[in-house]
Amino acid sequence: KLMCNSTNLVVLSGYVGNVSEVRQTKTSGKDVLDFSLAVQPKPRRDKDGNWIDQEPLWVKVVCWNGTAEYAEERAESGKFVEVTGVLTHPEEYKSKKDKKHHARAVIHAQSLNFIDVVRKSAEDEEYEESTVYEDDF
């Protein structure tokens, strides 16, 4: 029987939503910070051929130790970031808007690349890359 190892590596890019404060875990005292990430799907065409925007996919990004400190310095609502990390178990939460239970994907970040996006117009975006932070947790 041939055994294959599965791979868990995720790369997502999107806009930062809410950012938590850095806090320490009770058991190990490790620094941890999390933020929400809005990943915008590509627009699609409706039945009449018009382009329509799709709802963003919200993902929770968890940062540990040095990555948490780096995120505390750089992460702010509306900033564009590329996250590389590992997918972990989804998290259930209750929405404040509709009071329903939802689940969202959770990524443990290994590297963060904050990119300054200068918008000239909707069609013309200019990217200015900043430094990348990588961590082995």
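The values are calculated or read from the model by the stated rules, or taken from the named source; none is laboratory data. Treat the numbers as computed from the prediction; the structure is a model and nothing was measured. Neighbour counts are summed over all protein chains in view; Cβ atoms, including those assigned to glycine, are modelled from backbone coordinates with ideal geometry. Quick note on the areas: whole protein, heavy atoms, side chains included, nothing else; ligands and nucleic acids left out. Shrake-Rupley method; radii C 1.70, N 1.55, O 1.52, S 1.80 Å.
Just one of the numbered conditions (1) open to solvent by 60 Å² or more (accessible area, probe 1.4 Å); (2) within 19 Å of N8 (Cβ to Cβ) is not true of V61: (1). Residues in segment 20-59 that are within 21 Å of the chain's Cα centre (by Cα) and of a type in the set (F, W, Y): 2 in all. Selection of first residues in segment 1-12 that are within 19 Å of E82 (Cβ to Cβ) and of second residues that are among the hydroxyl-bearing types (S, T, Y), restricted to Cβ pairs under 6 Å at least 6 apart or on distinct chains, gives the following pairs, ordered by first then second residue: V11/T84. Contact map, segment 89-111: first residue of a type in the set (K, R), second residue outside any strand (DSSP E or B), Cβ cut-off under 9 Å, separation 6 or more or different chains; pairs are K94/K100. Somewhere in segment 99-111, is a residue open to solvent by 80 Å² or more (accessible area, probe 1.4 Å) and at pLDDT below 80? No, every residue in segment 99-111 fails to be open to solvent by 80 Å² or more (accessible area, probe 1.4 Å) and at pLDDT below 80. Restricted to segment 19-40, and to residues there that are β-branched (V, I, T) and under 15 Å from W58 (Cα atoms), the residue that is surrounded by the most Cβ atoms within 10 Å (Cβ to Cβ) is V19. Selection over segment 67-116 of residues that are closer than 17 Å to S13 by Cβ and among the acidic types (D, E) gives a count of 3.
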